[in-house]
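In what follows, a structure is listed as structure tokens, so that the remarks can point back to it.
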Amino acid sequence: MAGLVMIIFSILVAIFSYVIAPDPSPFANRIILEIGGEKPGFTQNFLLVKKTQPQKTGFLSKILSGSPDQFDYIPITTYEQTSDSVIAEKFIDEGVTERIAYHKKFLASTPIETKKFLLGTDKYGRDILSRLIVGTRVSLSVGLITVLISLSIGIILGAVAGYFRGRADNIIMWLINVIWSIPTLLLVFAITLLLGKGFWQVFIAVGLTMWVNVARLVRGQVMVTRELQYVEAGKVLGFSNFRIITHHILPNIFGPVMVIAASNFASAIVIEAGLSFLGVGVQPPQPSWGLMIKENYNFIITQNPILALAPGFAIMILVLAFNLLGNGLRDALNIRGKI
């Protein structure tokens, strides 16, 4: 139940990420180089200057892809407001400032805004917490699409092999053994290089490598189930093989399939993070937890390790949640073990 609660919480965070993120810009990619690499809890005053061509978005667009910033965020140290303008010291670097002045018609209605970065900023000055929240979408999306692809291929091939046996079983098992003999990351690399780098390519590449476990499990379950009396009764009644498989066999082996689906979900999250860390997964500026670790891992041994540790902990917690859910499903669906 703890795993399920964490997964539901992650799904809600992913759906409403641009609403709850402190930086709601697309991909949480508000770059402010002057404040790059700051530690958690860092606070900074900003002067909000209107953009020359602001873009307005509706509520639905904001939920789906964020809303472009209406203002430029200029970090300042001190400021003074007159009747018609704001005079400020622009922060450039530690101990270095520049005097700037703007007429109020070029500024927001509340020209000064103070922001607190709870997890600090990366080397580009982007809010780590916002990118962590938006990155939840990538991890959950790759897990969902991967599981759907692996279940679709694995259930079809496993059911055909286990039900019809003979030559079909030999061909499918030969294919399974060939795919199984190739290391997962090596196979993902090969498919990624074939399809190219990108968001959707990662889904397909990981999904096409994780159907083997599903196929072997379904094959074994179908081989046992096809000998039971209700399947024989269906054959006597003249039901087609397709109906027997889809209406009578598969619903009765759904429990073990759900368990392995939860396990594959967790594995897909780890593989996607690994691919993004190696540079062949999700591409910048789209936030991915693996990509965030790649961009900030050298901070681990310097002054600000949380930049890389935060996405690492996020990966660990979400993978643990799916593994806990899988274990819980296995115990809940193990009817024979309760007798």
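The values are calculated or read from the model by the stated rules, or taken from the named source; none is laboratory data. If you're wondering where the values come from, they're calculated on a predicted model, not measured in any experiment. Cβ: placed from backbone, ideal geometry, glycine included. Neighbour counts: every protein chain shown.
Miscellaneous remarks
- Residue among Ala215, Ala266, Ala233 that is over 30 Å from Gly37 (Cα atoms) and either at pLDDT below 85 or touching a Leu at 6+ places or on another chain (Cβ under 6 Å) (or both): Ala215
- Annotation note: of Thr184, Thr209, the sole residue that is crowded, with 21+ Cβ neighbours inside 10 Å and among the β-branched types (Val, Ile, Thr) is Thr209.
- Odd one out for Asn296, checked against (1) touching an Asp or Glu at 6+ places or on another chain (Cβ under 7 Å); (2) modelled with pLDDT of 85 or more: (2)
- Test result for Lys90, surrounded by 16 or more Cβ atoms within 10 Å (Cβ to Cβ) and in contact with a strand residue (DSSP E or B) (Cβ under 8 Å, 6 or more places away or on another chain): yes
- Test: residue in the range 78-92 that is aromatic (Phe, Trp, Tyr), under 34 Å from the mean Cα position of the chain (by Cα) and not assigned by TED's automatic domain parsing to the domain that holds Ala215: no
- In a residue-by-residue description of the range 270-280, the property of being more than 30 Å from Ser65 (Cα to Cα) and either outside the structural domain of Val147 (by TED's automatic domain parsing) or more than 14 Å from the chain's Cα centre (by Cα) (or both) applies to no position.
- Looking only at the range 120-167, and only at residues there that are of a type in the set (Ser, Thr, Tyr) and not in a helix (DSSP H, G or I), the one that is surrounded by the most Cβ atoms within 10 Å (Cβ to Cβ): Thr121
Here is a yes/no grid of residues against (1) surrounded by 16 or more Cβ atoms within 10 Å (Cβ to Cβ); (2) acidic (Asp, Glu):
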position: Ile76; (1), (2): yes, no
position: Glu98; (1), (2): no, yes
position: Tyr102; (1), (2): yes, no
position: Ala108; (1), (2): no, no
position: Lys116; (1), (2): no, no
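- Of all residues in the range 64-100, those satisfying the criterion of being over 29 Å from Ser17 (Cβ atoms) and polar (S, T, N, Q) are Thr77, Thr78, Gln81, Thr82, Ser83, Ser85, Thr97.
- Some residue of the range 272-294 being surrounded by fewer than 17 Cβ atoms within 10 Å (Cβ to Cβ), of a type in the set (Val, Ile, Thr) and in contact (Cβ under 8 Å) with a residue 24 or more places away in the chain: no
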